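Each value in this text was obtained by applying a stated rule to the coordinates, not by laboratory testing. Just so it is clear, the structure is predicted and the values come from calculations on it, not from any experiment. FYI the Cβ positions are ideal-geometry reconstructions off the backbone, even for glycines, and counts take in every protein chain you see.
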């Protein structure tokens with residue numbers, strides 16, 4: 001059977017159980033595809049030996065009839081997840097050569113469920129970026145192109161290697177992480193599905209920390225059903241993460257009934273920003289009409305503090321990052337600068353961090369340092385934490401008024417060209433996350449679903465935002481939207 | 001709030017990131033762009049609003065204060081740029 005790499009997780013799972021092919025077959029198909037996809041720069045550390053070994057073990061489990069849903073399915077892992085004995089750099093030069101002596105909880109859970117790791121995926125450095133252009137490995141490239149143009153486009157960020165790899169069928173699915181939109185924006189830019197669960201659903205243990213109160217891991221997949229399957233394998237309580245929720249994990253796939261009659265879907269008026277392209281507005285209106293046709297009730301809602309979400313994020317995330325990234329000091333792991341005669345320990349810290357961190361990471365660490373420094377802590381950091389309370393309350397009020405989920409665009413534009421958004425104007429890049437960042441600040445689950453194509457032939461996505469811990473309901477609504485939109489386009493292979 | 005070159009130099013020092021003198025003006029100007037953006041927060045009335053400490057209203061789990069893991073000196077030192085005799089080695093700190 002050819003094109004096994006193009007299968008969804010659910011189709012591959014069913015095929016494995018029906019003995020139509022083996023995990024070894026699936027794995028070889030993906031490894032071959034990865035070999036030929038160097039131009040996408042999605043996989044940055046390949047692990048074919050591990051993959052073949054895991055596939056062999058999975059085939060044995062399948063033969064023995066002991067096969068959880070993810071058993072034998074080849075996936076890619078974002079470079080942010082610590083993988084034992086395998087380079088884990090968070091796409092930063094400061095972690096060059098770092099090979100963890102331990103496995104992150106998420107990858108442990110996936111491997112325990114039988115998943116096969118094909119390799120580590122490109123991303124923005126320390127997950128700070130919206131275009132995968134801050135990576136020490138160089139840019140990941142979107143498999144999609146504008147019509148017949150050859151301009152290389154961004155696969156989004158920070159999980160840009162994950163989105164490019166899934167969209168190009170180099171793997172069946174991938175892990176991502178999302179601090180301000182880093183799963184949902186790249187998913188939208190590449191025509192795939194990405195879900196960020198409720199804060200606390202997925203353990204952060206062994207995930208290189210960026211902004212701990214916002215970071216959550218999640219799956220990036222080819223369908224909503226796949227997102228349900230993989231998310232279930234990733235969720236669960238973990239004593240090693242004090243913010244991990246001790247709640248039962250539902251069988252998300254079983255909740256995909258397709259029945260959303262009577263669900264109340266909120267349309268927040270504050271997301272209708274000036275200057276949003278007509279095609280994005282139309283996509284949004286069409287999505288609302290599809291949900292209405294499926295029996296949902298569409299209601300206008302207000303989330304009055306929306307416009308303050310990005311400024312709040314750009315205080316809180318850099319503040320937490322400056323603290324988290326203090327650990328990269330050249331002492332315990334990673335890069336250490338060469339010192340000249342007479343240079344001391346402060347020179348070692350300063351030179352190591354100047355050499356090891358890229359420009360955007362340095363910028364955010366220093367902004368974070370500033371907003372936490374004496375004299376500014378109240379004016380910036382505490383102020384932002386108070387506005388965050390208000391942003392969360394906006395959502396609580398909407399849910400208390402009976403709204404089940406909120407529909408918004410996922411991104412303000414389709415994928416843009418690499419280098420098109422200037423490095424000298426960080427704010428322009430930050431605006432990419434305008435629709436997604438509120439969800440992290442409020443700790444809610446959010447999912448991006450591809451529902452249309454731009455005039456230039458690029459995928460466009462909508463975002464659904466759910467109530468805390470209601471990923472099952474959220475996935476079901478997303479499943480209905482996905483079915484109605486019928487997005488089936490794939491990028492034409494040029495790589 | 002405008003950041004001058006002296007402030008940029010001080011912040012770089014606090015963050016322990018070496019920034020060369022000729023790069024400070026550009027850095028100060030980037031800080032000003034970001035801080036100008038953040039400045040919008042001053043419009044928001046936060047009178048009586050509690051600063052958020054935890055996004056999910058859950059009590060953090062507690063466990064008995066006991067040793068649960070250990071004896072992995074070799075693993076811990078494995079990735080160190082310079083480890084000697086079971087310790088991390090750094091340039092001389094005390095004269």
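With Cα atoms defining each centre, the stretch A:20-36 and the stretch A:247-287 are spaced 35 Å apart in the structure.
Distance between the modelled labels on residue A:39 and residue A:270, one decimal in nanometres: 4.4 nm (7 Å Cα→Cβ projection).
Compute the FRET efficiency between residue A:374 and residue B:42 as 1/(1 + (r/R0)^6), taking r as their Cβ-Cβ distance and R0 = 22 Å, and round to the nearest 0.05. The formula returns an efficiency of 0.70 here. Here residue A:6 and residue A:428 are evaluated by their C-beta separation; at R0 = 35 Å the FRET efficiency comes out at 0.45. Tell me whether the stretch B:1-67 comes out rounded, prolate or oblate; compute the Cα gyration tensor, take square roots of the eigenvalues as a ≥ b ≥ c, and use a/c under 1.5 as the rounded threshold. Oblate, since a/c reaches 1.5 and b/c is not below a/b. Taking B:84, B:59, B:16 as the candidate residues, the one with maximal mean-square fluctuation in a Gaussian network model of chain B, Cα springs under 10 Å, is B:84. Between residue B:26 and residue A:278, the simple label model (points 7 Å from Cα in the Cβ direction) yields a spacing of 4.1 nm.
DSSP assigns beta bridges within chain A; of those with both partners inside it, close to 65 percent run antiparallel. Taking chain B as a Gaussian network of alpha-carbon nodes connected by springs under 10 Å, the highest mean-square fluctuation of the residues B:76, B:38, B:17 belongs to B:76.
For chain A, averaging the sequence separation of C-alpha pairs within contact (under 8 Å, six or more residues apart) and dividing by the residue count gives a relative contact order of 18 percent.
Say a paramagnetic label sat at a point 7 Å from the Cα of residue A:20, along Cα to Cβ; which residues of the stretch A:54-83 have their backbone N under 17 Å from it? Flagged as within label range: A:70-74. Using equal-weight Cα scatterers in the Debye expression, the normalised intensity of the stretch B:45-95 in log10 at q = 0.19, 0.31 Å⁻¹ is -0.81, -1.18.
Across every pair of different alpha-carbon atoms, what Kirkwood hydrodynamic radius in Å does the stretch A:214-298 reach? Walk me through the numbers before you get to the answer.
Numbers: mean 1/r = 0.0623 Å⁻¹.
Answer for the stretch A:214-298: a Kirkwood hydrodynamic radius of 16.1 Å.
Within the stretch A:4-261, antiparallel bridges make up roughly 65 percent of the DSSP beta bridges whose residues both belong there. Computed over the Cα atoms of the protein assembly as shown, pair by distinct pair, the Kirkwood hydrodynamic radius stands at 24.3 angstrom. Taking a ≥ b ≥ c as the square roots of the eigenvalues of the Cα gyration tensor, the stretch A:4-261 is rounded, since a/c falls below 1.5.
Shielding value for A:328-336 is 4, the average number of Cβ atoms from other chains within 10 Å of each residue's Cβ. Computed per residue of chain A from DSSP H runs no shorter than four, each worth -39500 (n - 2.57), the mean residue ellipticity at 222 nm is -10500 deg cm²/dmol. With each label modelled as a point 7 angstrom along the Cα→C-beta vector, the residue A:60-residue B:49 pair spans 5.7 nm. Extension gain, residue A:237-residue A:347: 0.36 nm per intervening residue step, less the Cα-Cα distance, totals 35.4 nm.
Rounded if a/c is under 1.5, else prolate if a/b beats b/c, else oblate: with a ≥ b ≥ c from the C-alpha gyration tensor eigenvalues square-rooted, which is the stretch A:371-495? Since a/c reaches 1.5 but b/c is at least a/b, the shape of the stretch A:371-495 is classed as oblate. Structural descriptor for chain B: relative contact order 18 percent, calculated from alpha carbon pairs under 8 angstrom and at least 6 residues apart. Computed from the C-beta positions of residue B:13 and residue A:150, the FRET efficiency with R₀ = 35 Å rounds to 0.15.
Measuring spread by the Cα atoms of the stretch A:1-152 yields a radius of gyration and Dmax of 16.3, 50 Å. Highest GNM mean-square fluctuation among B:47, B:30, B:85, for chain B modelled with Cα contacts below 10 Å: B:85.
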